Amino acid sequence: LGQYVTGAIMLSGLFFYDIFWVFGTDVMVTVAMNFDAPIKLQFPRLATDPDTSIQFSILGLGDIVIPGIFIALLLRFDRSQADQAGATTSVGAEFNKPLFNATIISYVL
């Protein structure tokens, strides 16, 4: 990625793409439930009725991996900016991470 804006636009597009295919159709849920592979994380839901079977919430690995790659790229970008400014000289040196910190906080919230 050449710019932060490009990555943010791509993530926003993937966000709306995911909303459409998960909530607008039943394609993603059907595939996730019928495909027996490590492509999803399942978390048990709190039961409101004690007689019902356990139901699970599903989180796709793409919902974790794609933003994680973007955050890792931002950390590398912050490091390259610090290197260009002459702020870092060694491998373990501390440097400012404004884009990384802002994005990781936004992702957690």
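The values are calculated or read from the model by the stated rules, or taken from the named source; none is laboratory data. Keep in mind the model is a prediction, meaning the values are calculated, not measured. Cβ placement follows ideal geometry from the backbone for every residue including glycine, while neighbour counts extend to all protein chains displayed. The protein model used for the area step is the full one, side chains on, heavy atoms only, and it has no ligands, DNA or RNA in it. Shrake-Rupley method; radii C 1.70, N 1.55, O 1.52, S 1.80 Å.
Observations
- Filter pass, Phe95 being in contact with a Lys or Arg (Cβ under 7 Å, 6 or more places away or on another chain) and either basic (Lys, Arg) or open to solvent by 60 Å² or more (accessible area, probe 1.4 Å) (or both): no
- Residue ID - nearest to the chain's Cα centre (by Cα), chosen from residues in region 53-109 that are of a type in the set (Gly, Ala, Ser), under 30 Å from Thr30 (Cβ atoms) and modelled with pLDDT under 85: Gly62
- Some residue of region 12-27 being under 23 Å from Thr103 (Cα atoms) and among the small types (Gly, Ala, Ser): yes
- Residues that are assigned to a helix (DSSP H, G or I) and either more than 20 Å from Gln3 (Cβ to Cβ) or free of Cβ contacts under 8 Å to residues at least 24 places away in the same chain (or both), drawn from region 80-109: Ser80, Gln81, Ala82, Asp83, Gln84, Ala85, Pro98, Asn101, Ala102, Ile105, Ser106, Val108
- Candidate set: region 30-79, residues that are under 28 Å from Asn101 (Cβ atoms) and part of a strand (DSSP E or B); chosen: the one least open to solvent (accessible area, probe 1.4 Å): Gly60
- Selected residue (criterion: farthest from Pro67 (Cα to Cα)) from residues of region 5-38 that are in contact with a helix residue (DSSP H, G or I) (Cβ under 7 Å, 6 or more places away or on another chain) and free of Cβ contacts under 8 Å to residues at least 24 places away in the same chain: Val27
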